[in-house]
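> Got a structure here, written out as structure tokens. Questions coming.
The values are calculated or read from the model by the stated rules, or taken from the named source; none is laboratory data. Just so it is clear, the model here is predicted, and its values are computed rather than measured. FYI the Cβ positions are ideal-geometry reconstructions off the backbone, even for glycines, and counts take in every protein chain you see. What goes into the accessible areas is simple: the full protein's heavy atoms, side chains included, and nothing from ligands, DNA or RNA. Shrake-Rupley method; radii C 1.70, N 1.55, O 1.52, S 1.80 Å.
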Amino acid sequence: MKLDPSSDLYKMRHSAAHVMATAVCRLFDDVQLDIGPPTEEGFYYDFDLPHRLAPEDFDAIEAEMAKIIAEDQPFERIEVTRDEAKKLINDMGQRFKIERLADIPEGEAITFYRNGDFLDLCRGPHVDSTGKIRSFKLLSVAGSYYRGKETNPMLQRLYATAFTNDKQLRVHLKQMEEAKLRDHRKIGKELDLFSIQEDVGPGLIHWHPKGARIRSIIEDFWKREHFRAGYELVYTPHTGRSKLWETSGHLGFYRESMYAPMQIDENEYFIKPMNCPFHIKIYQSNKRSYRDLPLRWGELGTVYRYEKAGVLHGLLRVRGFTQDDAHIFCTPEQIEDEIVRVIRFAIGMWKTFGFEDITAYLSTRPAKAVGDEAQWQQATDSLEHALKTEKIPYEVDAGGGAFYGPKIDMKVKDAIGREWQMSTIQFDFNLPERFNMTYVGKDNQEHRPYMVHRALFGSMERFFGILVENFAGAFPLWLAPEQVRVLPLTDRQIPYAESVTAQLKAAEVRATMDERADKVGAKIRTAQMEKIPYMIILGPKEEEENKISLRSRTDGDLGAMPLDLFMERLAEETATRGAVRVTADAPSA
């Protein structure tokens, strides 16, 4: 959740960023300052200095920060004219601050904040004094291009966090440690799920067989549930003429995030960054009546967007990805029911994957917006009413909507309490106007349909990354790329193991056999490390009695049982997408 600038936590973290910058300036020479904002996770400050900051410097910086906090220096707000600001900055020799000063619009107050000897161009707000800053911790240092542009100088970004008490800080640091263990990039490599090949291109994902198997399971589920929910699926091209993107406005507003055009038959074509214009063209392929509406069209459409190298992050921030996209075209009278349907659909999908803790953020009309104000109000009311109807906790971001319509962002918490944005339900009053979309109403007149953009998972890549971290790679049975591994005790049991494996595969169980010459203990350890849900151990006794010895990834040894019983329980667990305990004396399903 975005920090509220008026909140005590925002003020404290903002102030802590200034204290950290003060400490760096005390400890090192020739420090050039850029910016130091608070964030959802903590705060950072960007520096340019000859010394290469490293974790070995953190103790000294934290000790100096503690001294500054103990000094209880007041934060003094100083308002100046633009010329006075220029003189102050020039006297300090802070070249980045001159450019930041130019960003402040004419007529807006120009303010500095002073604590002790440290003075910084800053709009605030801050706590009263450095003594109000509580529990803090430096976290890491990384490179960051000035203003995020790769052609600009590389600065050093020092990350830290602060909380109102030690307990909150300890909980956060523990969560960060757990997050490191669950890092999808690390687990993805260990389990051979995906890779990013730099010689192919950063931000472009290669799905390996195991990862592709999980993705296929998710996509099959997604398609099946969409058909059940009254959607139809469409497929659209990967590229389109520049005229399409001019009409949609992408070339005017989104050009920097689009890849360079291709020249084909004397026309410019752009690879698509979004699917929406294509869905609109399908809508316009026929004359539409109110009797045709609502239309619910979904697509697993692969799009490409230019993201700066500095923000790419495994599966979570990429350049090529598959959106689980959908668009709803309906009449004004239908819109409230459609929003309720979308929210229920989204919640049902998430709960299937184990996400139960759900919150929402409602963004309303900004100062500059397209579309009739009455339409905006109806759309906003329908979003809010749907949230209330479904009893979903939500916060209102007043004026935070896009210029083309209000929206709901829905977020879930994962197994270690981190919040992830999943679904967006976005009204759009812009594209129907730009494409002159119409339908014939009951009055036999043409009307403009309401258009809603809707994504449940956002993208398959990002959602998969979240799933990897949520389950720490230990996928539930229904998602596991390999559900059962058969482990013959010796070479003599290989024929029996082959028969068991064949029966499992015939029942559409994802099973493999480990026929290596290793001892069974080593095979079990390998299967545990690869997070296989079930292991079947087959020795002379099991072969003689025509049974299996079963071992669970989570519960250990489950005893001997007939293969048929295990397969029945597997089918039940897979069908319910739950955890069914399998034991030797388990009743038949």
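> I'm trying to understand the selection: among the residues of the range 34-50, which are open to solvent by 70 Å² or more (accessible area, probe 1.4 Å) and either in contact (Cβ under 8 Å) with a residue 40 or more places away in the chain or of a type outside the set (D, E, K, R) (or both)?
So the first thing to find is which residues in the range 34-50 are open to solvent by 70 Å² or more (accessible area, probe 1.4 Å), and the list is 40-41, 50.
Once the filter is applied, which keeps residues that are open to solvent by 70 Å² or more (accessible area, probe 1.4 Å) and either in contact (Cβ under 8 Å) with a residue 40 or more places away in the chain or of a type outside the set (D, E, K, R) (or both), the range 34-50 yields Glu41, Pro50.
> Turning to a different aspect of this structure: Anything in the range 398-415 that is touching a residue at least 40 places away in the same chain (Cβ under 8 Å) and either more than 21 Å from Asp428 (Cβ to Cβ) or not in a loop (DSSP other than H, G, I, E, B) (or both)? List them, or say none. Steps first, please.
Filtering the range 398-415 for residues touching a residue at least 40 places away in the same chain (Cβ under 8 Å) gives 406-415.
Residues satisfying the conditions are Lys407, Ile408, Asp409, Met410, Lys411, Val412, Lys413, Asp414, Ala415.
> Kindly provide the set of residues from the range 277-307 that are open to solvent by less than 50 Å² (accessible area, probe 1.4 Å), of a type outside the set (Ser, Thr, Tyr) and within 14 Å of Phe329 (Cα to Cα), ordered by number.
First, pick out the residues of the range 277-307 that are open to solvent by less than 50 Å² (accessible area, probe 1.4 Å): 277-280, 283, 288-289, 293-303, 305, 307.
Those still in the list that are of a type outside the set (Ser, Thr, Tyr) too: 277-280, 288, 293-301, 303, 305, 307.
Across the range 277-307, the qualifying residues are Pro277, Phe278, His279, Ile280, Arg288, Leu293, Pro294, Leu295, Arg296, Trp297, Gly298.
> Please specify each residue of the range 528-567 satisfying the condition of being among the β-branched types (Val, Ile, Thr) and part of a loop (DSSP other than H, G, I, E, B). Walk me through how you get there before you give the answer.
The initial filter retains those residues of the range 528-567 that are among the β-branched types (Val, Ile, Thr), namely 532, 536-537, 548, 554.
Selection gives Ile532, Thr554.
> Got a sec? Which strands (runs of 3 or more DSSP E) wholly within the range 237-297 have at least 3 residues that are among the hydroxyl-bearing types (Ser, Thr, Tyr) and touching an Asp or Glu at 6+ places or on another chain (Cβ under 6 Å)? Please lay out each step first, then the result.
Numbers: elements: 239-241, 262-264, 267-271.
No strands (runs of 3 or more DSSP E) qualify here.
> In the range 338-380, which residue that is within 17 Å of Asp428 (Cα to Cα) and without any contact (Cβ under 8 Å) to a residue 24 or more places away in the chain is most open to solvent (accessible area, probe 1.4 Å)?
Top of the filtered list is Glu373.
> Mind listing whichever residues of the range 548-589 are open to solvent by 70 Å² or more (accessible area, probe 1.4 Å), touching a helix residue (DSSP H, G or I) at 6+ places or on another chain (Cβ under 8 Å) and at pLDDT 90 or above?
If the condition is that a residue be open to solvent by 70 Å² or more (accessible area, probe 1.4 Å), touching a helix residue (DSSP H, G or I) at 6+ places or on another chain (Cβ under 8 Å) and at pLDDT 90 or above, then Arg551 is the only one that fits.
> For the range 241-249, does any single residue satisfy the condition of being aromatic (Phe, Trp, Tyr), open to solvent by 50 Å² or more (accessible area, probe 1.4 Å) and more than 19 Å from Phe457 (Cβ to Cβ)? Lay out the reasoning, then the answer.
Of all residues in the range 241-249, those aromatic (Phe, Trp, Tyr) come to 245.
Then keep just the ones that are open to solvent by 50 Å² or more (accessible area, probe 1.4 Å); that gives none.
Checked the range 241-249: no residue is aromatic (Phe, Trp, Tyr), open to solvent by 50 Å² or more (accessible area, probe 1.4 Å) and more than 19 Å from Phe457 (Cβ to Cβ).
> Kindly list, by first and then second residue, each pair from a residue in the range 517-531 that is under 18 Å from Phe475 (Cα atoms) to a residue that is open to solvent by 30 Å² or more (accessible area, probe 1.4 Å) and in a helix (DSSP H, G or I), limited to pairs with Cβ atoms under 8 Å and residues at least 6 apart or on different chains.
Listed pairs, sorted by first residue: Met529/Glu190.
> In addition: Of all residues in the range 308-324, which are surrounded by fewer than 17 Cβ atoms within 10 Å (Cβ to Cβ) and outside any strand (DSSP E or B)?
Lys308, Ala309, Gly310, Val311, Leu312, listed by residue number.
> I would also like to ask the following. Would you check which residues across the range 131-155 are of a type outside the set (Phe, Trp, Tyr), part of a strand (DSSP E or B) and more than 24 Å from the chain's Cα centre (by Cα) and list them?
Start the filter on the range 131-155 by keeping residues that are of a type outside the set (Phe, Trp, Tyr), which leaves 131-135, 137-144, 147-155.
Now drop any that are not part of a strand (DSSP E or B), which leaves 135, 137-144, 154-155.
Across the range 131-155, the qualifying residues are Ser135, Lys137, Leu138, Met154, Leu155.
> Here is a check on your reading of the model: is Gly401 modelled with pLDDT under 90, on the phi > 0 side of the Ramachandran plot and buried (at least 16 other Cβ atoms within 10 Å of the Cβ)? Write out each step before concluding.
Values: modelled with pLDDT under 90: yes; on the phi > 0 side of the Ramachandran plot: no; buried (at least 16 other Cβ atoms within 10 Å of the Cβ): yes.
Criteria not met by Gly401.
> Only one residue in Glu515, Glu498 is out of contact with any helix residue (DSSP H, G or I) (no Cβ under 9 Å at 6 or more places or on another chain) and open to solvent by 20 Å² or more (accessible area, probe 1.4 Å), so which one is that?
On the way: Glu515 fails: out of contact with any helix residue (DSSP H, G or I) (no Cβ under 9 Å at 6 or more places or on another chain).
The unique qualifying residue is Glu498.
> Give me the residue from the range 184-205 that is out of contact with any helix residue (DSSP H, G or I) (no Cβ under 7 Å at 6 or more places or on another chain) and touching a residue at least 60 places away in the same chain (Cβ under 8 Å) and, out of that set, surrounded by the fewest Cβ atoms within 10 Å (Cβ to Cβ). Please lay out each step first, then the result.
If we filter the range 184-205 for residues that are out of contact with any helix residue (DSSP H, G or I) (no Cβ under 7 Å at 6 or more places or on another chain), which is where we start, we get 185-186, 189-190, 195-201, 203-204.
This time we only want the ones that are touching a residue at least 60 places away in the same chain (Cβ under 8 Å), so: 185, 190, 196, 201, 203-204.
Details: Arg185: 17, Glu190: 12, Ile196: 17, Gly201: 10, Gly203: 22, Leu204: 15.
The selected residue is Gly201.
> Within the range 505-512, can one find any residue that is out of contact with any Pro (no Cβ under 9 Å at 6 or more places or on another chain), in a strand (DSSP E or B), modelled with pLDDT of 95 or more and surrounded by 13 or more Cβ atoms within 10 Å (Cβ to Cβ)?
Yes, the conditions are met somewhere in the range 505-512.
> Against the condition open to solvent by 30 Å² or more (accessible area, probe 1.4 Å), more than 28 Å from Gln334 (Cα to Cα), under 26 Å from the mean Cα position of the chain (by Cα) and basic (Lys, Arg), how does Arg215 come out, does it pass? Full working, then the answer.
Values: open to solvent by 30 Å² or more (accessible area, probe 1.4 Å): yes; more than 28 Å from Gln334 (Cα to Cα): yes; under 26 Å from the mean Cα position of the chain (by Cα): yes; basic (Lys, Arg): yes.
Taking the combined requirement at face value, the residue satisfies it.
> Kindly indicate whether Lys210 is without any contact (Cβ under 8 Å) to a residue 40 or more places away in the chain and either outside any loop (DSSP other than H, G, I, E, B) or open to solvent by less than 40 Å² (accessible area, probe 1.4 Å) (or both). Don't jump to the end; show me each part of the working.
Numbers: without any contact (Cβ under 8 Å) to a residue 40 or more places away in the chain: no; either outside any loop (DSSP other than H, G, I, E, B) or open to solvent by less than 40 Å² (accessible area, probe 1.4 Å) (or both): yes.
Considered against the rule, which asks whether it is without any contact (Cβ under 8 Å) to a residue 40 or more places away in the chain and either outside any loop (DSSP other than H, G, I, E, B) or open to solvent by less than 40 Å² (accessible area, probe 1.4 Å) (or both), Lys210 comes out as no.
> Moving on. Can you tell which of Phe278, Phe253 is modelled with pLDDT under 95, of a type in the set (A, V, I, L, M, F, W, C) and under 29 Å from the mean Cα position of the chain (by Cα)? Can you show your working first?
Details: Phe278 fails: modelled with pLDDT under 95.
After applying the criteria, what remains is Phe253.
Yes/no per residue for (1) open to solvent by 90 Å² or more (accessible area, probe 1.4 Å); (2) under 20 Å from Asp46 (Cβ atoms):
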residue: Arg77; (1), (2): yes, no
residue: Lys87; (1), (2): yes, no
residue: Asp103; (1), (2): no, yes
residue: Gly107; (1), (2): no, no
residue: Asn115; (1), (2): no, yes
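> Looking at the range 224-244 only, could you name the residues that are closer than 27 Å to Gly348 by Cα, of a type in the set (D, E, K, R) and without any contact (Cβ under 8 Å) to a residue 60 or more places away in the chain?
Selection gives Arg224, Arg228.
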